[in-house]
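Please treat every number below as a calculation from the coordinates, not as lab data. Owing to the predicted nature of the structure, the values given are computational and were not obtained by experimental measurement. Positions of Cβ are generated from backbone atoms using ideal geometry, with glycine treated the same way; all protein chains shown enter the neighbour counts.
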């Protein structure tokens, strides 16, 4: 399917128009079914289980059966034949999973069972019609990120018991190996036992491993079938059945009071507090390669935005393309009066000193004087396990030293041009650096709305881990986008011509919609206490750039995505004193600051699809930032405002800007 084949709603199709306005796609959000058995409950959706709870406490975040291709892409899953038998004390659901790769089709009979005693099972019997290669096929179990630093008992495949704990700071490698059973306590007196069993073509023990998914900004610890230490990809034999099962048992020795009538009509009350001692980071904008391809509409949007920093990629392997990129970057930086951070991708067939000298000459020819530089050898754009053999050639320190000598007046950075995962696995020495940096993506493992929003929960752990490793360096984060800009884990990113929710895809439709604006607010709010020097979002051009698609509601030539409104607000807040916020509903993220003119600002976002309300202290002028920017008035300061006293009303993924 090409982009021209994507269905477009008519003006009278209000449901389709609303779907595009909120999510940027006509793909329906995955429906879910709540299954309950006494005090045990879970949500079943698209063949997976989410939020396994006991008496309201999340004991397991999720369980799913996945088929990954040889680039770690996840095969789409079709679910048929869902049937459920539910009584007050038990539920049993049966369904069929069908997944397809280029080599063949996998079909699986699956069941989910739960009872009021606290026992839960997820069982899958899978068979393929043809032999196929896979990096992973089978069950994965997610423990919530809130388990960090909690005790963990591990039973290994040989029966040995290990007393351990979930890591506090993010582990660069696997947390545990050769797993048969895991036991932890989400709360004192509440014990959760999780047994994992699997038939595998290459491993008679059917072992599992655990990794710290906070590396990828997933809000979980993932226990997956098969070992990354064994050879992969591996082959699934045609017509052979592979049975796998996860069994969870909950034992609760707590004394729990019987709940009374908790009904209350009182709304959460949002109150702006005192200064936190932190300031808003300087806000930057990402500049991918091929800046010369920027359209006039994209150029106008960037000039109106006036970001504090342009964080720009440059490929030093091709002299002509390097010169073209730097010349376009100079013109753009001059026009919007932005500082430039130059992130240089370096070939490995030349010495770092030679590459740095060539980049200096190219900058001089373009008239560009970058205020910051960072160099990364091209092979480091791919990911390696800590135990893997890293590519031969000069290390990151050699590149930092060479560029520091070549650019004596620029700040010199280290880290990775990809994600925290790679930074955590290849920890650069701080001696020759002024700052450390990386970016994140929410689309490595899942692309559903809930998982993408939950990635905010991992950001505090990411920033704390960076601060623990490099306590004395400045910290730069970004450019951050919903779409996956690069895939360090496979040959390429995923294609998404139908504009759906696709893991590892660079073109995520939610960037175009209210969801994208809310996600950006949630991200900024999650890292506000980390003391970040430069925080960069979105791109100057391309699929994560400013302009609205022609099939989107309220499109007009030059119109910008709702997230561009949010970015305007953040740019204007750069360097401002941040203030505390109390009384936010669970589903709402927010930032508060005071401008240099003394104006009080709130930026609030509903991070869910359900509408909600909150009460407000005082009278505020309110504007809606969750709609597209008209071409001529993209600055939120020029948007219509209404005086609000008392109650705020949030629609799905709505972003509100308040001033006082």
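In percent, what relative contact order does segment 458-549 have, based on Cα pairs under 8 Å that are 6 or more apart in sequence?
Relative contact order, segment 458-549: 37 percent.
Ellipticity at 222 nm from helices only: DSSP H runs of n ≥ 4 in the chain, each -39500 (n - 2.57), divided by the residue count, give -5500 deg cm²/dmol.
Spin-label pair residue 642-residue 27: with each label point 7 Å from Cα along the Cα-Cβ axis, the two points sit 3.4 nm from one another. Full extension of the chain between residue 161 and residue 131 yields a length gain of 7.2 nm, computed as 0.36 nm times the residue separation minus the alpha carbon distance.
When DSSP beta bridges are restricted to pairs lying wholly in the chain, around 75% turn out antiparallel. Classify segment 230-334 from the C-alpha gyration tensor, please: rounded if a/c falls under 1.5, else prolate or oblate depending on whether a/b exceeds b/c. Oblate, because a/c is 1.5 or more while a/b does not exceed b/c.
Each of 374, 21, 467 has some number of other Cβ atoms within 10 Å of its Cβ, and from fewest to most they run 467, 21, 374. Could you tell me whether segment 582-659 comes out rounded, prolate or oblate from its Cα gyration tensor? Rule is a ≥ b ≥ c as square roots of the eigenvalues, rounded for a/c under 1.5, then prolate if a/b exceeds b/c, otherwise oblate. Oblate, since a/c reaches 1.5 and b/c is not below a/b. Full extension of the segment from residue 80 to residue 168, taken as 0.36 nm per residue of separation minus the current Cα-Cα distance, would add 27.7 nm.
With a cut-off of 11 Å on the backbone N, the residues of segment 191-230 near the modelled label site 7 Å out from residue 150 along Cα-Cβ are 191-193, 221.
Defining a contact as two alpha carbons under 8 Å apart and six or more residues distant in sequence, what relative contact order in percent does segment 33-252 show? Taking the mean separation of contacting Cα pairs over the length of segment 33-252, I get 20 percent.
Each Cα pair under 8 Å and six or more residues apart adds its separation to the average, and for segment 582-659 the resulting relative contact order is 39 percent.
The alpha carbon gyration tensor of segment 33-252 gives principal lengths a ≥ b ≥ c with a/c of 1.5 or higher and a/b no greater than b/c, which makes the shape oblate. Look at [x] 52; [y] 31; [z] 44: the one that is percent of Cα pairs over 40 Å apart derived from this structure is [y].
Distance between the 7 Å Cα→Cβ label points at residue 529 and residue 659: 2.9 nm.
If the chain linking residue 405 and residue 331 were pulled fully straight, counting 0.36 nm for each residue of separation and taking away their Cα-Cα distance, it would gain 24.1 nm.
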